[in-house]
Each structure stands twice: as structure tokens, then as C-alpha cells.
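Visitor: Before we start, here is the structure in question, set down as C-alpha cells.
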Amino acid sequence: MKGEYKIPPKSVSNLTNPKVLADRLKELVGVKFILSGKTRTDGSNARKLIEKTLGKYDLPEKCPKCEYEVVPPRGKGIPKITREFIDTYIVTTGKSYNLQVWNRIPASKTLLIKYESGKSLYCNDVRFVFVRIIPSKKVIASIIILTDDYIETKFGKFGKPTFKHQLLISSKVREKIYKSETRVLSYDDTKKLSYLITHKYKPPNLPMVQEPEFEKLYSIELLNEMVAKKLIGQKLYFGATKNRGQALERLVLNLLGYETNKKSLLYGAFPDIRNQLLEVKVQDSPTVDLGKFSPEVEEIVIEENNLTTFDVRYLIALTNEKTGIIEGIILAPGEKLGDAFSYVSDKSYKCQRAIPMNYFEKYAGLSIFNPD
């Protein structure tokens, strides 16, 4: 069975119900478990024990290799027991347990496994299996299976890691865009923003750095017609990415009817064209640098109307690395970027959440899922 657990299920619906998982794992409660004192060794042993126990039952049907794609580079952030989308954790002693989640942001809609059928597995689909061990008795006291939504509701949000945000747009996705009729991949504005936009063009009467004028924001549909389609075939200044980004921003501003000057182009705020809640990016390599703000994590951008990174519109120009010619465009609200692409980091990171130890103590002798 070794290696079988690394293969994802054939579909999201094939995952075993977590209550059933808890029932299957209850035989481990009271089982002897001797800690070695080495975190990785103990973690590996606990995971193997979980795998062995689940292996007694029918696992979800595995997915043929040609029908899915592991989105994060080198599989970073994918749960160890991929077949059941489970990560396991050992809980021992102390007043508080510090849950650490590596290389993914829990409770986020970040894509992890993409299926050819369309449905996919995201960060918020991962199930957390906590193996509570009492060192003095050398036994497993309980098994608790939790979802990240439950953890955040019960104990608070996970800490946000500090790292350089990047968006991975695969060559496969780029080719699909290039072969489409318009060479533009666009999504509708968020529901929240849909009440604040217009589908009719009127020349802007405020500078691009000013706060948005609600009900005068150009819809993505309008931006598509006025900007995205007209950018295809345009050539950007061939130089550093920052310079090409400014060249793209200038093109977009001109197409929208804004006055441009060097000072406004060096404004450096988020989003780039704040008056239109529009962030402009150039992609000529597999990743796009997102900077300080990323729609992977929802954060308030404009307090009025409670607009967040999910509502910000992203215009990403897919350029030819050699010629600088724009060959495709992605135009989407932040909340949709994780559906089609993957967020990555330039280095490993972790998200943390403290859970009081008395929470685990309450469920001694049980194997349970998301208890009340």
C-alpha cells in the first residue's frame, strides 16, 4: 500500500465522510504508542498507524494520473494522506497545542488538486486528524478530526505568515488561453461589487490614485471590451519586469481615458489603479509577483463598502518572454484567482493556531469529528 496514499481520490465526492473516518479510527483509542522524542519520527509513526488502520477498509477510488494535476510546485502544501485529504498531528502535553500548517493557508480557497472533470480540491478541503497521546501512559487517548473552518470558528483565525506572495500560472493554462477565440480569460465581478459597477463608459473625472467612485466603477465586462481585448498584440517595453509593469499600466490608463504622468505611475499603492479597484500585472515567467497583498487571504482594502482583496480586479498580461508582445489576458476578481491558478511562495512558510489543551482532554476515550 506504500505510495497509494499519495494518490488523490478519483473525485471530491469519493472522499470518505469524516464521521465515518472517526468511526474507523476509534479502534486506535487505547492503543499503545511510545514516543521517541523525535518530532518527525513520531509524526511519521502516527501517520503510518492511521494509514494502516484506514487500509483495512475500502479507500476512495484512486484517480488515474492523466486525470488530475498537483498544482503547487513540488507538491508543497498537499496533505500527506492525499487519498483521504488528511494531515495528522500528535498532541501530547502542555497548556496549549500549537498547530502548525506548512506551505498552505488553511480555510482558504487555494487550489491544490485540479481534476480534468472540473471539480477540484482546495486548502479548505483538508481534514485535520489529531492523535492525542498521554506520554506517561504511552497510549493514544483520543482521535479528533477537525476541519479548518471549525478550528477558526472555535479558536480564532490562523496567524498570517509573512512571505512574498506569488501566483503560479502554468504553461497548460496559458496555452488554453492562447487557443481561445478572444485570448482573454475573464470572470464576473464579485457579488458585493456587482451593486457598485457600471456597464456604460463615461470618461473618468478623478485621478487614478483617488478612491473609487461607487456606481462609476467600470465592470469587468466593460474592462474586457475597452482594455483586455485591445491589449492583445501590443508590445511592452522590453526591460525589467517593473518597467514593463509600468508600461502596461500606462497602456491601461490611456485606454480608460485617464491622464498619465510619471508621478502617478510610481504611486505604488494597492491596487495600482485605485480609482477602478484594478491591479495590473505582467507575466512572462511561470509566476507573477503579487507583492504585499494577495487575494489568497481576504483583507480589507477599502473600508467603505467593506471591499477586500477578493473584490479587487486583477488584469494580468501574459507576454512573450522574448518579444514582449501581449499574447493573452486574465481579468478576474481576486476571489477567483485561486480557482484557476495556484498561490506559491518563494520559500517555505507556516500558519499557526493555538488550541487549549483542555479542549483535547474533554474528549478522552473518543474518536470524534467536529464535536460541539
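The values are calculated or read from the model by the stated rules, or taken from the named source; none is laboratory data. A quick note: this is a predicted structure, and the numbers were derived from the prediction, not measured. Here the Cβ is made from the backbone with ideal geometry for all residues, glycine too, and neighbour counts use every protein chain on show.
Visitor: Which of the residues belonging to the range 58-93 are aromatic (Phe, Trp, Tyr), over 17 Å from the mean Cα position of the chain (by Cα) and modelled with pLDDT of 95 or more?
Guide: Listed by number, the list holds a single entry, 89.
Visitor: Out of the residues in the range 161-191 that are assigned to a loop (DSSP other than H, G, I, E, B), charged (D, E, K, R) and in contact with a strand residue (DSSP E or B) (Cβ under 7 Å, 6 or more places away or on another chain), which is farthest from residue 221 (Cα to Cα)? Can you show your working first?
Guide: Looking only at the range 161-191, we keep the residues that are assigned to a loop (DSSP other than H, G, I, E, B), and these are 161-164, 169-170, 180-183, 187-191.
Cutting the leftovers down to charged (D, E, K, R) gives us 164, 181, 183, 188-189, 191.
Applying the additional criterion that residues be in contact with a strand residue (DSSP E or B) (Cβ under 7 Å, 6 or more places away or on another chain) yields 164, 183, 189.
Details: 164: 30, 183: 15, 189: 8 Å.
Taking the candidates together, the pick is 164.
Visitor: Among the residues of the range 287-307, are any assigned by TED's automatic domain parsing to the domain that holds residue 189, buried (at least 16 other Cβ atoms within 10 Å of the Cβ), hydrophobic (A, V, I, L, M, F, W, C) and without any contact (Cβ under 8 Å) to a residue 40 or more places away in the chain?
Guide: Yes, because at least one residue in the range 287-307 is assigned by TED's automatic domain parsing to the domain that holds residue 189, buried (at least 16 other Cβ atoms within 10 Å of the Cβ), hydrophobic (A, V, I, L, M, F, W, C) and without any contact (Cβ under 8 Å) to a residue 40 or more places away in the chain.
Condition check ((1) crowded, with 16+ Cβ neighbours inside 10 Å; (2) assigned by TED's automatic domain parsing to the domain that holds residue 68; (3) among the hydroxyl-bearing types (Ser, Thr, Tyr)) across all residues:
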position: 119; (1), (2), (3): no, yes, no
position: 122; (1), (2), (3): yes, yes, yes
position: 129; (1), (2), (3): yes, yes, no
position: 135; (1), (2), (3): no, yes, no
position: 154; (1), (2), (3): no, yes, no
position: 176; (1), (2), (3): no, no, no
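Visitor: Which of the following residues is of a type in the set (D, E, K, R) and not in a loop (DSSP other than H, G, I, E, B): 211, 225?
Guide: None of the others qualify; the one that does is 225.
Visitor: From the set of residues in the range 173-193 that are farther than 17 Å from residue 229 by Cβ and among the aliphatic types (A, V, I, L, M), which is nearest to the chain's Cα centre (by Cα)?
Guide: 173
Visitor: Could you list, in sequence order, all residues of the range 363-372 that are modelled with pLDDT of 95 or more and not in a strand (DSSP E or B)?
Guide: 363, 364, 365, 366, 370, 371, listed by residue number.
Visitor: Output yes when any residue across the range 336-352 is closer than 23 Å to residue 204 by Cα and touching a residue at least 40 places away in the same chain (Cβ under 8 Å), and no when none is.
Guide: No, because not a single residue in the range 336-352 is closer than 23 Å to residue 204 by Cα and touching a residue at least 40 places away in the same chain (Cβ under 8 Å).
Visitor: A follow-up question, please. If you check 44, 36, which single one turns out to be without any contact (Cβ under 8 Å) to a residue 12 or more places away in the chain, surrounded by 13 or more Cβ atoms within 10 Å (Cβ to Cβ), closer than 30 Å to residue 135 by Cβ and out of contact with any His (no Cβ under 8 Å at 6 or more places or on another chain)?
Guide: 44
Visitor: Separate question: With 333, 356 as the choices, which residue is modelled with pLDDT of 85 or more and within 30 Å of residue 196 (Cα to Cα)?
Guide: None of the others qualify; the one that does is 333.
Visitor: Taking the range 3-18 as the search range and keeping residues that are in contact with a strand residue (DSSP E or B) (Cβ under 8 Å, 6 or more places away or on another chain) and outside any loop (DSSP other than H, G, I, E, B), which one is farthest from residue 55 (Cα to Cα)?
Guide: 12
Per-residue answers, yes or no, for (1) touching a helix residue (DSSP H, G or I) at 6+ places or on another chain (Cβ under 8 Å); (2) farther than 28 Å from residue 36 by Cα:
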position: 87; (1), (2): no, no
position: 90; (1), (2): yes, no
position: 96; (1), (2): yes, no
position: 106; (1), (2): yes, yes
position: 115; (1), (2): yes, yes
position: 128; (1), (2): yes, no
